[in-house]
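Visitor: Let me begin by handing over the structure; questions about it come next.
The values are calculated or read from the model by the stated rules, or taken from the named source; none is laboratory data. Note that the structure is a prediction, hence the values are computed from the model and not measured. In this analysis, Cβ positions are derived from the backbone assuming ideal geometry, glycine residues included, and neighbour counts consider all displayed protein chains. These accessible areas exclude ligands, DNA and RNA; they are computed on the full protein's heavy atoms, side chains included. Shrake-Rupley method; radii C 1.70, N 1.55, O 1.52, S 1.80 Å.
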Amino acid sequence: MSIKKIKFETPSRVEQETILNYDNSSQEWHIYSDTVKHCKRLKPLLDTSRPLTLGYNQNKSLTMVEGYLSNTSHIIFGKKPVLTPERIQKATKALKAYQTELKRNKQESENN
């Protein structure tokens, strides 16, 4: 297990990047990211038995990861879901029904 911890200040938003390299011959993903949101999501997926670099800023927050995905990890590429007006209306109805049910259950438990 080769984990290297370094000091790494977060770059500006314009300079931040996440790079995924796939080597077809070895069937391995090499990952580099200095985008904080991605670092937090990628860190648990990395293979700690391989060389791994973690960068932390002065506040001890994770700001960079570089390493290989573990064999049990996978990344999914897809489009973000689009909420159509119909789906929004359906979700709103379901949420209102749920909130009404919660209120009713709370009132019943207070009365008992």
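Visitor: Taking all protein chains in place and a 1.4 Å probe, what share, in percent, of the accessible surface of the chain do carbon and sulfur account for?
Guide: Summing carbon and sulfur atoms, their accessible area is 52 percent of the total for the chain.
Visitor: Next question. Please name whichever of Cys39, Leu95, Ser109 sits farthest to the positive end of the charge dipole of the chain, dipole taken about the Cα centre and charges placed at Cβ: Lys and Arg +1, Asp and Glu -1.
Guide: Farthest along the dipole direction, towards plus: Ser109.
Visitor: Divide by every residue of the chain the summed helix terms, -39500 (n - 2.57) for each DSSP H run of at least 4, and state the resulting mean residue ellipticity at 222 nm, rounded to the nearest 500 deg cm²/dmol.
Guide: Calculated mean residue ellipticity at 222 nm is -10000 deg cm²/dmol.
Visitor: Relative to the longest principal Cα axis of the chain, at what angle does helix 85-111 sit, 0 to 90 degrees, rounded to 10?
Guide: Rounded to the nearest ten degrees, it is 60.
Visitor: If you don't mind, another one. Could you give the length gained on full extension between Ser73 and Arg41, defined as 0.36 nm per residue of separation minus the Cα-Cα distance, in nm?
Guide: 10.4 nm
Visitor: Could you tally up the Lys pairs in the chain with alpha carbons closer than 14 Å? Skip any pair fewer than 8 positions apart unless they're on separate chains.
Guide: 5
Visitor: Using a simple spin-label model with points 7 Å from Cα along the Cα→Cβ vector, what separation in nm is obtained for Val82 and Lys103?
Guide: 3.5 nm
Visitor: Next up: Please give the charge dipole size of the chain, origin at the Cα centre, charges +1 on K and R Cβ atoms and -1 on D and E Cβ atoms. Round to the nearest 20 debye. Kindly include the intermediate steps, with their values, before the conclusion.
Guide: Values: 19 positive and 12 negative charges, 110 e Å.
Dipole size: approximately 520 debye.
Visitor: For the chain, report the accessible area per residue in Å² (1.4 Å probe, heavy atoms, rounded to an integer).
Guide: Details: 9300 Å² over 112 residues.
Roughly 83 Å² per residue, with all protein chains present.
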